[in-house]
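Undergrad: My questions will all concern the structure given below.
Each reported figure results from applying straightforward, stated rules to the coordinates on display, with no laboratory input. Just so it is clear, the model here is predicted, and its values are computed rather than measured. Virtual Cβ from ideal backbone geometry, glycine too; neighbours counted across all protein chains shown.
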Amino acid sequence: MKIGKILLGVLAATFIVSCGNAEFESRITKLEGRVAALEGKSGVASADGVQPIAASNTISSSSVSTSSDPEVKPEGPLPAFSFTEELHDFGTIKEGDVVEHVFDFTNDGEAPLIISDAKATCGCTVPEWPKEPIPVGGSGEIKVRFNSKSKPGIQNKNVTLTANTWPTTQRIRIKANVVKEEE
């Protein structure tokens, strides 16, 4: 910490002698950001202020937001999911069975709903979702297929939907008790 302040002071004195006032201010701001980043303060300076950097504390010329930044709610009308159910229990199934369930939903928001992605927690679970926009008041379905091969025991799987909603993600879940088939 003290070394950073000393280094900053020496560099500031050097810039005072060789630079004009505006250029001096810009360089000092950048150096302060770099020192803060090196000390683990998670910031990189730009000419117009401090911008967040990646969690690895590497310094780059472009600003990179961290995943811990809170989502900002967009302004204006937004779509909204309204599921008839968010959890489906297949009950007891035999290992190796492939089962599927359809989750029905309605867009209860004020704008067309666009699902940009659907990801499952593992490769044994595959979601299918509508690629076209769902109008206000319209309905759609998410089909989730689960392959129980090599998955004995209680299984709980999440499917995370990413859409133009607030918040941007919505989860639906399936579960099953997978029993080994008698040999």
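Undergrad: Under a 5 Å amide H to amide H cut-off, with H placed in plane at 1.01 Å, what residues pair with Ala111 once short-range neighbours are removed?
TA: Leu78, Ala80
Undergrad: Does the stretch 107-183 classify as rounded, prolate or oblate by the C-alpha gyration tensor (a ≥ b ≥ c root eigenvalues; a/c under 1.5 gives rounded; else a/b over b/c gives prolate, otherwise oblate)?
TA: On the way: a/c = 3.22, a/b = 2.86, b/c = 1.13.
Prolate, since a/c reaches 1.5 and a/b exceeds b/c.
Undergrad: I need the phi-derived Karplus couplings for the stretch 78-84: 6.51 cos²θ - 1.76 cosθ + 1.60, θ = phi - 60°, integer Hz, Gly and Pro marked x.
TA: 10, x, 8, 6, 9, 8, 6
Undergrad: List every residue whose amide H lies under 5 Å from the amide H of Asn164, counting only residues 5 or more places away in sequence or on a different chain, with H placed 1.01 Å from N in the peptide plane.
TA: Ile114, Ser116
Undergrad: Would you mind checking Lys131/Lys180; Lys73/Lys119; Lys73/Lys149 for any pair whose Cα atoms are more than 32 angstrom apart? Write out the running numbers ahead of the final one.
TA: Working: Lys131/Lys180 37 Å; Lys73/Lys119 22 Å; Lys73/Lys149 41 Å.
Going by Cα-Cα distance, Lys131/Lys180; Lys73/Lys149 fall outside the 32 Å limit.
Undergrad: What are the ³J(HN,Hα) couplings of the stretch 133-139, residue after residue, when phi is run through the Karplus curve with 6.51, -1.76, 1.60 and θ = phi - 60°? Round to Hz, x for glycine and proline.
TA: x, 9, x, 4, x, x, 10
Undergrad: While we're on this one: Among the trypsin sites (Lys or Arg not before Pro) within the stretch 106-183, which fall in a DSSP loop and have no more than 14 other Cβ atoms within 10 Å of their own Cβ? List each step's numbers first, then the result.
TA: Working: sites: Lys119, Lys131, Lys143, Arg145, Lys149, Lys157, Arg171, Arg173, Lys175, Lys180; in loops: Lys131, Lys149, Lys180.
Taking the stretch 106-183 and a limit of 14 other Cβ atoms within 10 Å, the loop trypsin sites (Lys or Arg not before Pro) found are Lys131, Lys149, Lys180.
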